[in-house]
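*Asks:* Input: one structure, supplied below.
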Amino acid sequence: MENLIEPNIHPILVHFTYALGVSAALAYIGTLFLPAGRMRDNLRPAADWMLALASVAVIATIAAGFQAYYSVAHDGPSHEAMTTHRNWAVPSGLALLALAAWRWVRRASAPGTLFTFAAVIVAGLLTVTAWWGGTIVYKYGLGVQSLPEASGPGHDHDHGGGSESGQGHDNADGHHGSATSSPEEPEPAEAGTPDSKPAGHDNSDGHHGSAGNSSSADDQDTHAGPDTPTGVPAGHDNSDGHHDPLPASADERAILDIINAVETGWENGNGEPFRTHFQDWDGARYFESGGGNTGLDDLVENHVEPEKDAIPDLDLGFSNIHIHFEGDNFAWAVADTTVTGTLASSGERLDRTGKQTMLFRKIGTAWNVVHTHSSSRASRR
């Protein structure tokens with residue numbers, strides 16, 4: 001079924017159920033208001049046949065719908081819309097089957113006013129269900145050669161066969177987390193060493209984030225100067241000459257180390273940098289282009305770790321990084337982002353650019369990420 005149409009046959013079957021169900025209801029209305037004669041006599045069996053065929057189609061449609069529900073790549077907000085669609089589809093389908101059974105039992109007599117009213121109600125239920133089906137396709141991009149609104153810092157993507165925002169995953173988008181931690185803050189994470197790219201990692205594209213930017217003594221806003229020496233992790237190709245310079249303070253270096261670790265974690269589908277550097281607190285929200293993850297476990301288990309299977313050749317880049325400090329214990333970073341790779345589920349090639357914001361809180365001696373927000377779009381290069 002999955003190979004008959006991408007991603008499955010459900011989009012074909014829904015049209016038969018809806019068109020036949022609504023057409024049957026309209027035909028039954030016609031049998032009530034048309035004058036006695038040949039047209040009304042012919043319309044009644046036509047309505048009966050359309051209802052019968054709709055009842056057969058709805059069984060196949062619901063079966064294919066459940067297969068799609070548990071297999072199509074989606075994220076948190078689209079999962080909520082998809083669940084609403086399912087919750088309308090099941091009772092609508094059962095109502096259609098009940099209507100067909102009613103008509104079968106009373107097939108010897110003409111359909112009356114009560115039956116016709118029931119047929120109109122069923123047609124209304126099918127219409128609401130169809131509207132939600134259109135919403136998950138045209139608003140969230142599910143089941144098409146496009147990207148659903150995804151979640152997590154740095155990029156947008158389809159999760160392929162993996163769980164994206166999890167099967168049955170709930171994302172509380174719209175409830176943006178603040179930089180304020182929960183009353184019971186976790187033990188501070190230890191400040192880690194820089195997470196560099198693996199030896200021999202090619203950075204010839206020039207879009208990778210750096211080991212840091214220089215800082216202005218006046219406003220503590222890091223901004224690289226063209227003549228500042230650069231620092232590159234061991235084994236990292238710097239032939240493009242686009243690396244940003246070394247940071248001017250230990251705090252800046254610590255934050256840039258975290259950004260580098262996050263970049264590597266996304267590319268390798270490795271949740272460890274996130275568990276090390278992200279603060280796990282009740283208000284944690286990680287947003288991306290309309291989608292979001294709620295809490296650290298959600299981000300790691302339903303987004304980061306499935307990434308390697310979804311986009312095996314993912315290449316994520318942070319560049320033009322600026323870090324701002326508010327006092328001694330709060331900071332935020334903004335950066336340009338790039339993401340390239342190939343979706344394993346469809347073979348679609350990604351080439352996107354965007355913006356990233358990360359909020360940091362210093363707990364003890366270690367900086368922790370407390371919130372992220374990113375957006376991207378198809379590259380205009």
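No value in this document is a laboratory result; all are computed from the given coordinates. Please read these numbers as outputs of a predicted model, since none were measured by experiment. All Cβ positions, even for glycine, are placed from backbone atoms using ideal geometry, and neighbour counts span all protein chains on display.
*Asks:* Using a basic spin-label model with each label point 7 Å from the Cα along Cα→Cβ, how many nm lie between Ala46 and Asp297?
*Replies:* Label at Ala46, label at Asp297, 5.8 nm between them.
*Asks:* Expected output is a single nm value to one decimal: the length gained when fully extending between Thr127 and Thr113, i.e. 0.36 nm times separation in residues minus the C-alpha distance. What is it?
*Replies:* Going from the current span to full extension adds 2.9 nm.
*Asks:* Sticking with this structure for a sec: Cut-off is 10 Å between beta-carbons; in what order do Phe287, Phe115, Phe33, Phe66 appear when sorted fewest neighbours first?
*Replies:* Numbers: Phe287 22, Phe115 18, Phe33 8, Phe66 14.
With the sparsest Cβ surroundings first, the list reads Phe33, Phe66, Phe115, Phe287.
*Asks:* Would you work out the charge dipole size for the range 10-138 about its Cα centre, treating the Cβ of every Lys and Arg as +1 and the Cβ of every Asp and Glu as -1, and quote it to the nearest 20 debye? Each step should come with its number before you reach the end.
*Replies:* Values: 7 positive and 4 negative charges, 110 e Å.
For this selection, approximately 520 debye.
*Asks:* Starting with the fewest neighbours, write out Ser78, Ser345 ranked by other beta-carbon atoms found within 10 Å of each beta-carbon. If you can, show how the numbers build up before the last one.
*Replies:* Numbers: Ser78 27, Ser345 19.
Lowest to highest Cβ neighbour count: Ser345, Ser78.
*Asks:* Here's a follow-up. If you plug each phi of the range 349-357 into the Karplus form 6.51 cos²θ - 1.76 cosθ + 1.60 with θ = phi - 60°, what whole-Hz ³J(HN,Hα) values come out, in order, with x for Gly and Pro?
*Replies:* Once rounded to whole Hz, the list reads 8, 9, 8, 10, 10, x, 10, 9, 10.
*Asks:* How large are Rg and Dmax for the range 269-352 when only the alpha carbon atoms are used, in Å?
*Replies:* 14.8, 47
*Asks:* Measuring from the lowest to the highest alpha carbon on each principal axis, how far does the range 341-381 reach, largest first, in angstroms?
*Replies:* Largest first, the range 341-381 extends 45, 23, 12 Å along its Cα principal axes.
*Asks:* What percent does the relative contact order of the range 62-147 come to when contacts are Cα pairs within less than 8 Å and at least six residues apart? Please list the in-between numbers first.
*Replies:* Values: 46 pairs, mean separation 38.2, N = 86.
Value for the range 62-147: 44 percent.
*Asks:* Quick one: grab Rg to one decimal and Dmax as a whole number for the range 40-122, Cα atoms only, in Å.
*Replies:* Radius of gyration, then largest Cα-Cα span, for the range 40-122: 16.0, 51 Å.
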